[in-house]
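Trainee: Handing you a structure now.
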Ligand SMILES: C[S@@+](CC[C@H](N)C(=O)[O-])C[C@H]1O[C@@H](n2cnc3c(N)ncnc32)[C@H](O)[C@@H]1O
């Protein structure tokens, strides 16, 4: 089935094929499939675009949004309005085929395969066996995206919540298995078996860096003698009061990250009055006013009804002298110790996560634990490296550092040890 008449015509050249020009979303799949004898194989290469990209493309070969809404539970799957079209197609097919002897084999983005399986698993659809075979989408389709062939074998009365992951189509042995356990996706079952006991609530709170959404104005490089160049190429003279050496994700790839820029941090806590900058640092205030058009135009709703020139993700922790930091974007988890520069705390941007520390010793202890093999193994059990932002504060918080320290025979800093919390009234 192909919705585009031209493509459908071209496909008709294939001998023995019965090609239908039609819209997936206008097709009565329960009825179509009911007319076929078991076992049924549904094989395809559904569109790789999202509904909003499809909307932007326009064209009458595209299913209208109202069609998607017919598919129940879609919001539950995506949780947001932008979703992959193939996701709704695959979910619908699996729902129609659950309880029958059938197979569904589809090329799709790996994230789509995962969402579809998560949906099938949590709804207890009768998918007996699932596999994903990685494909080189760049080579075959010129698409820079992690993609796979998703194969689901359905059998009446059988439901497994595991999926074998193969490195490529010819691979005979799977390199890992991901699964649904206790309602959440586990990226690597073997790693979860070995390191799952380190799961806990984290005794420490992971923080993300400062968010300002205006790098051109808020990020500056020193040009010496109290002068700074901002991202718009302007040279300005600012007081040091609100400027902090800053690191971003890419800086954290280095074993010893060196701040290459400064960040203008206008508040010490979320919602703090910013008008005091006029008094404390008049040149900084003038600078902010001269870029008020850009700062006031920041689109995110978090800036609405907030003091002018507000930033987010800011609190006492942002100014802790030492931090153990990692990037949310990279395909490897490395934790770096970040210390003050010229007696100023280094701030991180919102692509980073960190644990604030008061002393270098504490930071080194925590970084040592977080970079240890058991911690890496533990995170490996839960991280899907092909995700857009594989590392999140939620993921980092799953590791019980206290237990890890106990196993490693390392003493946690007093303030980080939950046994001491009552003692210190934290
Ligand atoms: C990734 S391409 C695959 C093309 C071809 N079948 C192949 O495997 O090379 C996805 C195809 O789905 C078609 N398509 C998009 N929306 C559709 C819909 N609602 N119903 C049927 N086909 C659709 C597109 O026109 C496009 O040709």
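Trainee: Of the residues 338, 324, 347, only one is assigned by TED's automatic domain parsing to the domain that holds residue 244, crowded, with 21+ Cβ neighbours inside 10 Å, within 30 Å of residue 386 (Cα to Cα) and free of Cβ contacts under 8 Å to residues at least 60 places away in the same chain; which?
Mentor: Every option except 324 fails the conditions.
Trainee: Taking the condition of being in contact with a helix residue (DSSP H, G or I) (Cβ under 7 Å, 6 or more places away or on another chain), over 17 Å from residue 85 (Cα atoms) and assigned to a helix (DSSP H, G or I), how many residues in the stretch 17-35 meet it?
Mentor: 2
Trainee: How many residues does the stretch 161-186 hold that are outside any strand (DSSP E or B) and farther than 19 Å from residue 151 by Cβ?
Mentor: Matching residues across the stretch 161-186 total 2.
Trainee: Could you tell me whether residue 171 is closer than 21 Å to residue 44 by Cβ and either within 16 Å of the ligand (Cβ to nearest atom) or without any contact (Cβ under 8 Å) to a residue 40 or more places away in the chain (or both)?
Mentor: No; evaluated as a whole, the condition is false for this residue.
Trainee: I'd like to check which helices (runs of 4 or more DSSP H) are fully inside the stretch 277-386 and have at least 2 residues that are within 19 Å of the chain's Cα centre (by Cα).
Mentor: Qualifying helices (runs of 4 or more DSSP H): 373-382.
Trainee: Okay, next question. I'm trying to understand the selection: among the residues of the stretch 70-85, which are surrounded by 16 or more Cβ atoms within 10 Å (Cβ to Cβ) and at pLDDT 50 or above?
Mentor: Listed by number, the residues that qualify are 83, 84, 85.
Trainee: If a residue has to be closer than 19 Å to residue 91 by Cβ and either over 37 Å from the mean Cα position of the chain (by Cα) or within 11 Å of the ligand (Cβ to nearest atom) (or both) to count, how many in the stretch 23-50 make the cut?
Mentor: 15
Trainee: Would you check if residue 182 is out of contact with any strand residue (DSSP E or B) (no Cβ under 9 Å at 6 or more places or on another chain) and surrounded by fewer than 18 Cβ atoms within 10 Å (Cβ to Cβ)?
Mentor: So residue 182 passes the test.
Trainee: Continuing with the same structure: When the residues of the stretch 98-124 are filtered to those that are free of Cβ contacts under 8 Å to residues at least 60 places away in the same chain and farther than 17 Å from residue 86 by Cβ, which remaining residue is surrounded by the most Cβ atoms within 10 Å (Cβ to Cβ)?
Mentor: Restricting to residues being free of Cβ contacts under 8 Å to residues at least 60 places away in the same chain and farther than 17 Å from residue 86 by Cβ, the top hit is 121.
Trainee: Which residues, counting only those in the stretch 274-311, are modelled with pLDDT under 95 and in contact with a strand residue (DSSP E or B) (Cβ under 9 Å, 6 or more places away or on another chain)?
Mentor: 300, 302, 303, 306
Trainee: Also: Is there any pair with a first residue in the stretch 137-156 that is not assigned by TED's automatic domain parsing to the domain that holds residue 91 and a second that is away from the ligand (no atom under 16 Å from the Cβ) whose Cβ atoms are under 7 Å apart and which are 6 or more apart or on different chains, and what are they?
Mentor: Cβ pairs passing all conditions: none.
Trainee: Determine, yes or no, whether residue 88 is in the same structural domain as residue 153 (by TED's automatic domain parsing), modelled with pLDDT under 95 and within 28 Å of residue 154 (Cα to Cα).
Mentor: Here the answer is yes, as residue 88 does meet what is asked.
Trainee: Still on this model: Go through the stretch 401-412 and give me each residue that's buried (at least 19 other Cβ atoms within 10 Å of the Cβ) and in a loop (DSSP other than H, G, I, E, B).
Mentor: Of everything in the stretch 401-412, just one residue is buried (at least 19 other Cβ atoms within 10 Å of the Cβ) and in a loop (DSSP other than H, G, I, E, B), namely 412.
The values are calculated or read from the model by the stated rules, or taken from the named source; none is laboratory data. Please read these numbers as outputs of a predicted model, since none were measured by experiment. Positions of Cβ are backbone-derived with ideal geometry, glycine not excepted, and every protein chain shown enters the neighbour counts.
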